[in-house]
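Before any comments, here is the structure.
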């Protein structure tokens, strides 16, 4: 049996991170026929994550002809009780789960290293939030790389946290502050209240300092971005100068889910039917006439916020396609204002799951109201669709700032909106604010600065992955050469 050089991936067990890691794995094996990938998957209770994994078995091309394998990390530990989970941010629960699985990951790697039938292990690729697995790599004297599923500007933010001056600051002081902080990877000073929410928690800031320090131990960081999207961040002294001692950075994006790594069950026949209905409806709409609202796999709103969005859409008068999600993945029409669906039947469509890439690529879409997840941003850039930003959690507020303020390719709905799992009273964005954002987005003429910039980014985005000449193509080649010791 032919043996390959094998990379071990340890992704963070969140849908967006896993899908992006799978895309990277597919890209690597398509570019290097001597390489295989083994993904060690830390199991969590997430139906969307399970469906994403199941979908791979339905299409051999998704596994690189068998050169991508997924191995579950055994997890005999008892899950935290619901009472314990209510006392913790979900991010910290996942972080603890990753840490607790370190012995089992070590055993799996040991078995692969000892097996005479296994491929030669060339290194371990961690997620930023699985960086504690660097300890496992060090034990076996394996090189470690990090795959960062978001952008270079926020990589710089985590590096900025390591500054001695930053360590003297109590981030909780800036929770709702308009204080602006100069971060070298952002063009404009960033309001501190846009920092990721966990940074403001007592246990969060030390954790992120530790993560940032661990990233400095890697041999390189692969980032899902491209040179022309984040040239300012990628050329900043914070992550590009020798003095900063930052690991080599490889911008290898955009990695986009064009070919259907599903986040709903591949056994669900309704998915294809729903997609067909949505696309047929869009076919009947004029060019650039529809505003698309979608807030990601975890973008759930309470009843009050749903009603405000519905009222805003109805008042705006624009045609719309709204992906309204719930934790169970279903569309619950009773949460909408009474009579809403009847009143907007000729002008809009409310759906549950959305075939987002297909929708964004449709000629009828004139704007995208987004939560600013990095995957969604790259998809919008790929199709040249201008955005209205409405971030919710993680690093999305900083992504929104990058789009609206630094790059100028988006308008704002509510940039400092945050879903806080510790709060039962998250702020509700009122209908008039949402309506204003939608109007500002959809009233942008073809020749407006925002649309011109977005169309320019679209062209540069596609050029970045061109064979032999694209900046991301060349960057990935550099990574593979470094991985194999070719200079």
Q.
For the range 451-487, which positions are more than 19 Å from residue 27 (Cα to Cα) and surrounded by 19 or more Cβ atoms within 10 Å (Cβ to Cβ)?
A. 451, 454, 457
Q. Which residue out of 277, 256 is outside any helix (DSSP H, G or I), within 30 Å of residue 309 (Cβ to Cβ) and at pLDDT below 95?
A. 256
Q) Condition test on residue 334, is it assigned to a helix (DSSP H, G or I), at pLDDT below 95 and either surrounded by fewer than 21 Cβ atoms within 10 Å (Cβ to Cβ) or not assigned by TED's automatic domain parsing to the domain that holds residue 45 (or both)? A) yes
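Listed here are the residues, each with its yes/no results for (1) out of contact with any strand residue (DSSP E or B) (no Cβ under 6 Å at 6 or more places or on another chain); (2) assigned by TED's automatic domain parsing to the domain that holds residue 406; (3) at pLDDT 95 or above.
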residue: 434; (1), (2), (3): yes, yes, yes
residue: 437; (1), (2), (3): no, yes, yes
residue: 440; (1), (2), (3): no, yes, yes
residue: 446; (1), (2), (3): yes, yes, no
residue: 452; (1), (2), (3): yes, yes, yes
residue: 469; (1), (2), (3): yes, no, yes
residue: 476; (1), (2), (3): yes, no, yes
Q. Just to be sure, is residue 130 within 22 Å of the chain's Cα centre (by Cα), part of a helix (DSSP H, G or I) and at pLDDT below 75?
A. no
Q) Before we move on, is residue 400 part of a helix (DSSP H, G or I) and either modelled with pLDDT under 95 or under 18 Å from the mean Cα position of the chain (by Cα) (or both)? A) yes
Q) For residue 219, are the conditions met, namely being part of a helix (DSSP H, G or I), at pLDDT 90 or above and surrounded by fewer than 19 Cβ atoms within 10 Å (Cβ to Cβ)? A) no
Q: Could you grab me the full set of residues in the range 337-372 that are more than 23 Å from residue 437 (Cα to Cα) and either outside the structural domain of residue 450 (by TED's automatic domain parsing) or touching a helix residue (DSSP H, G or I) at 6+ places or on another chain (Cβ under 9 Å) (or both)?
A: 353, 355, 358
Q: Taking only the range 367-389 into account, find how many residues are touching a strand residue (DSSP E or B) at 6+ places or on another chain (Cβ under 6 Å) and either assigned to a strand (DSSP E or B) or farther than 15 Å from residue 453 by Cα (or both).
A: 9
Q: May I ask you to list the residues in the range 174-195 that are modelled with pLDDT under 90 and under 21 Å from residue 91 (Cβ atoms)?
A: 174, 175, 176
(Q) For the structure I just gave you, tell me whether residue 405 is assigned by TED's automatic domain parsing to the domain that holds residue 306, modelled with pLDDT of 95 or more and assigned to a helix (DSSP H, G or I). (A) yes
Q | Residues satisfying the stated conditions in the range 286-306, i.e. touching a residue at least 40 places away in the same chain (Cβ under 8 Å) and outside any loop (DSSP other than H, G, I, E, B) | A | 290, 291, 292, 293, 294, 304, 305
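The values are calculated or read from the model by the stated rules, or taken from the named source; none is laboratory data. From a predicted model like this one, the values you see are computed outputs, not experimental measurements. As a convention, Cβ positions derive from the backbone with ideal geometry for all residues, glycine included, and neighbour counts pool all protein chains shown.
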